[in-house]
1. Quick check: anything in the range 80-89 out of contact with any Gly (no Cβ under 8 Å at 6 or more places or on another chain), of a type in the set (D, E, K, R) and either at positive phi or not in a helix (DSSP H, G or I) (or both)?
2. If residue 95 satisfies every condition in (1) in contact with an Asp or Glu (Cβ under 7 Å, 6 or more places away or on another chain); (2) closer than 23 Å to residue 202 by Cβ but one, which is the exception?
3. Do we have residue 246 as touching a residue at least 60 places away in the same chain (Cβ under 8 Å), part of a loop (DSSP other than H, G, I, E, B) and crowded, with 18+ Cβ neighbours inside 10 Å here?
4. Is at least one residue of the range 41-49 crowded, with 24+ Cβ neighbours inside 10 Å, under 14 Å from the mean Cα position of the chain (by Cα) and in contact (Cβ under 8 Å) with a residue 40 or more places away in the chain?
5. Checking residue 121 against (1) at pLDDT 95 or above; (2) surrounded by fewer than 22 Cβ atoms within 10 Å (Cβ to Cβ); (3) charged (D, E, K, R): exactly one of these is not met. Which one?
6. Tell me which residues, restricted to the range 11-51, are hydrophobic (A, V, I, L, M, F, W, C), touching a Pro at 6+ places or on another chain (Cβ under 9 Å) and outside any strand (DSSP E or B).
7. Pull out all pairs, ordered by first then second residue, where Cβ-Cβ is under 9 Å, the residues are six or more apart or on different chains, the first lies in the range 26-37 and is farther than 11 Å from residue 72 by Cα, and the second is buried (at least 16 other Cβ atoms within 10 Å of the Cβ) and hydroxyl-bearing (Ser, Thr, Tyr).
Amino acid sequence: MSRPANAPAHRPLVVIASDRIERHGHPAHAVLHGYVRAVSECAGAVALGLPAAADAFDVASLIHGIDGVVLTGSPSNVAPARYGQPELGQEMLLDPARDEAVLPLLRHLIEAGVPVLAVCRGFQEMNVAFGGTLDVAVHARSGRLDHREGDHDRPIQRWYDDSHDIDIQPGGLLSRLVQAQRMQVNSLHHQGIARLGDGLRVEAKAPDGLVEAFSVSWAPAFALGVQWHPEMRIDDCPLAQGIFKAFGAACRQRQARRLGTGTRPAHALAA
């Protein structure tokens, strides 16, 4: 996939949230390549890792120096204590370093007009950051679909095949990216939104009523969260392509404002 034709010579800078992992006994920071590729090839931006270490950066410096943020999916979960629920024990994989690094940033970045795209765990992080809560086991609830990825013996790429429909709400950000009111998405999550955060606007729902996408209603720039994984479908899914291209366009507008080179006349949702 080539860089968008309207991308400037100096591409915008996008930071991608990292997970804290262990590598050969050393603490490390990890970003899956699917996000790097989607940001670079589809959004037309320079992809940089945001370490899962709150003391490694500050909000003011990020606002001054970056043009966008991607909050990634992850095997780990937002700690229930972050939204007022008890811990569930060893069976829940947590990443407290990422919680500490990411959650305090979000409102400040969005208020400052930094475009934000939040995927899966990132979608859940954004909901919690805005005062929402999570259901830790959607599949266990009566009337809900099983939103988990299914058979792990399949090739990893097959995990990201379309799994269920979403109904796109009229008049929102997603509805401006695609003409269809119903589309299919992949599904690789066991947690989901219980209570939607303050100021978040529902953009799409699953057939069982679970919120699958939201935007920040008052955000001055692109601020979208999706429960599925568009980064793994940029080669064959118009919705995935539309999301990352719109995010990239917003990042280029942010770059122009940040560097004082003037604003582009194209709408933030233009490809």
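The values are calculated or read from the model by the stated rules, or taken from the named source; none is laboratory data. Note that this is a predicted model, so its numbers are computed, not measured. Ideal geometry is used to build each Cβ from the backbone, glycine not excepted, and the neighbour counts take in all protein chains shown.
1. Within the range 80-89, the subset out of contact with any Gly (no Cβ under 8 Å at 6 or more places or on another chain) is 80-82, 84-89.
Then drop every residue that is not of a type in the set (D, E, K, R), which leaves 82, 87.
Next cut, either at positive phi or not in a helix (DSSP H, G or I) (or both) only: 87.
Looking for residues that are out of contact with any Gly (no Cβ under 8 Å at 6 or more places or on another chain), of a type in the set (D, E, K, R) and either at positive phi or not in a helix (DSSP H, G or I) (or both), one finds at least one in the range 80-89, hence yes.
2. So the condition that residue 95 fails would be (2).
3. Numbers: touching a residue at least 60 places away in the same chain (Cβ under 8 Å): yes; part of a loop (DSSP other than H, G, I, E, B): no; crowded, with 18+ Cβ neighbours inside 10 Å: yes.
When the stated conditions are applied, residue 246 does not pass them.
4. Yes, the conditions are met somewhere in the range 41-49.
5. It fails just one condition, (2).
6. Residues satisfying the conditions are 38, 42, 43, 45.
7. Short answer, once both residue conditions are applied: 28/18; 29/18.
Condition check ((1) at pLDDT below 95; (2) over 21 Å from residue 160 (Cα atoms)) across all residues:
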residue	(1), (2)
179	yes, yes
192	yes, no
204	no, no
211	no, no
216	no, yes
243	no, no
251	no, yes
